[in-house]
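What follows is a short report on a single structure.
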Amino acid sequence: MADIVITVQDTVTGDCGNLLAVFDMPRSTPLPTLSQAKYEYAHIFGTTNLDLSNLNNFTINWENETTHNGLHQLSVLTTNGVPDWWNDLNSAATHTFTSPNPQLTLTGTGFEGLDGVYYVNTDAQGNFILVEKSGAYAIYFSNSSTPPFECTSLKNTQKLAERRRSLRAFPNPVDKIVSLKGIPKGQFDLKVYDSNGNLKMKKRINSADAALKVNLENLRKGTYLILVTGEKYHRQLRVLKK
């Protein structure tokens with residue numbers, strides 16, 4: 001009679017429940033295509049020291065097509081330059097996205113608590129989900145400030161999003177000159193990034209004027225992130241260049 005081997009995977013169930021079961025992990029099929037998917041919020045469930053409250057956006061560009069597949073981009077743009085303003089996670093990643101039970105392994109990302117092995121999935125709304133392999137915690141990337149459910153250990157970026165509203169730009173969309181309002185008086189660094197995280201402009205500014213004017217005439221059409229930083233001051237917003 002042949003021996004029967006049963007493999008049991010230890011899972012962690014905390015106040016958020018069994019996160020592997022909650023997010024339907026591991027998924028039984030390969031990860032579907034996520035074409036230039038960008039997310040502004042990270043809702044973190046479970047027990048972890050990971051803190052993504054400085055998230056500006058998370059981008060994944062994954063193609064899973066018959067004739068072509070590949071992870072072309074995996075990146076994080078932060079609001080405070082920690083560990084950097086634009087962080088390329090692709091170089092820190094290995095994956096099995098084309099296989100059943102797709103996984104992502106992150107090593108040397110520079111984000112405390114982010115390195116690890118994760119099951120990956122998407123939900124019906126196109127949100128991207130990472131669940132640490134034992135189920136200890138989950139990261140739910142979304143464009144909604146509202147988490148999919150509430151639990152005691154939930155951490156998210158909602159408070160950060162509320163602080164962003166103090167910086168305003170007009171006109172937006174802009175053709176040449178954009179005016180910024182809401183910056184306190186003082187000296188600040190102003191940086192402009194394109195949608196791929198490339199620094200396109202950097203200058204020292206004096207915000208004594210009621211509205212600070214920034215010339216974007218030489219930039220191509222597209223969406224740009226304007227970041228204004230100073231001592232104990234970090235604000236950013238997006239503008240559309242026509």
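Laboratory data are not the source of any read-out in this text; all were calculated from the coordinates shown. In this text the structure is predicted, and so the values were computed from the model without any measurement. Positions of Cβ are backbone-derived with ideal geometry, glycine not excepted, and every protein chain shown enters the neighbour counts.
Quick notes on this one:
- Simple rule: put +1 on each Lys or Arg Cβ and -1 on each Asp or Glu Cβ in the chain, find the dipole, and look at CYS16, SER35, SER153; the Cα lying farthest toward the positive end is SER35.
- Nitroxide proxy distance, nm - points 7 Å out along Cα→Cβ at SER35 and ARG238: 1.8 nm
- Length added when fully stretched, THR105-ASN80, from 0.36 nm per residue minus Cα-Cα: 6.5 nm
- Here the extension length gained between SER144 and PHE170 equals 7.0 nm, from 0.36 nm per residue of separation less the Cα-Cα distance.
- For the chain, alpha-carbon Rg relative to the globular expectation (2.2 N^0.38 Å, N residues): 1.15
- Simple label model, 7 Å out from Cα along Cβ direction - LYS181 to ALA124, nm: 4.2 nm
- Positive-end extreme of charge dipole, the chain - chosen from ASN54, LEU167, HIS234 (charges on Cβ): LEU167
- Segments 61-73, 44-56, 116-128 sorted - mean Cβ within 10 Å per residue, highest first: 44-56, 116-128, 61-73
- Gyration tensor (alpha-carbon) shape descriptor, segment 24-128, a/c threshold 1.5: prolate
- Residues ASN206 and ASP115, FRET efficiency given R0 of 45 Å [Cβ-Cβ distance, rounded to 0.05]: 0.65
- Simple spin-label estimate for SER28 and ASN218 gives 5.8 nm between the two label positions (7 Å along the Cα-to-Cβ direction from each Cα).
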